[in-house]
Amino acid sequence: MTDTGRTERQVLEELNPDEQAFLKRVLEIERAKLHVLAYDAVDDLLAAVKEILP
């Protein structure tokens, strides 16, 4: 990786509003994926299937 001497803050400040919004959304999605990975849904899925099946 090439070091251009810019900090993360400088790179973020150089983004236009649309790029900033896009980056924020990507980070929100990634954060949500981390929460989903930590969530064990087996019991909830089984309960939902039992409600549907007679």
### Task
State, to one decimal in nm, how far the label point of GLU13 lies from the label point of ASP43, with both points 7 Å from Cα in the Cβ direction.
4.9
## Note on the structure
Dividing the helical contributions, -39500 (n - 2.57) per DSSP H run of n ≥ 4, by the residues of the chain yields a 222 nm value, nearest 500 deg cm²/dmol, of -23500 deg cm²/dmol
### Query
Roughly how tilted is helix 42-52, in degrees to the nearest 10 and between 0 and 90, from the longest Cα axis of the chain?
50
### Task
Might you report the magnitude of the Cβ-based charge dipole of the chain about its Cα centre, with Lys and Arg at +1 and Asp and Glu at -1, to the nearest 20 debye?
20
#### Entry: Segments 31-42, 16-27 sorted - mean Cβ within 10 Å per residue, highest first
16-27, 31-42
### Summary
Per the Kirkwood formula over distinct C-alpha pairs, the hydrodynamic radius of the chain in angstrom is 14.9
### Distance (nanometres) between label positions extended 7 Å along Cα→Cβ at LEU23 and THR4
1.1
### Message
With angles folded into 0 to 90 degrees, how steeply does helix 17-38 sit against the dominant principal axis of the chain? Use alpha carbons for both and round to 10.
### Response
40
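A short reminder: the numbers here are calculations on the coordinates, not readings from a lab. Small disclaimer: the values here were computed from a predicted structure and weren't measured. All Cβ positions, even for glycine, are placed from backbone atoms using ideal geometry, and neighbour counts span all protein chains on display.
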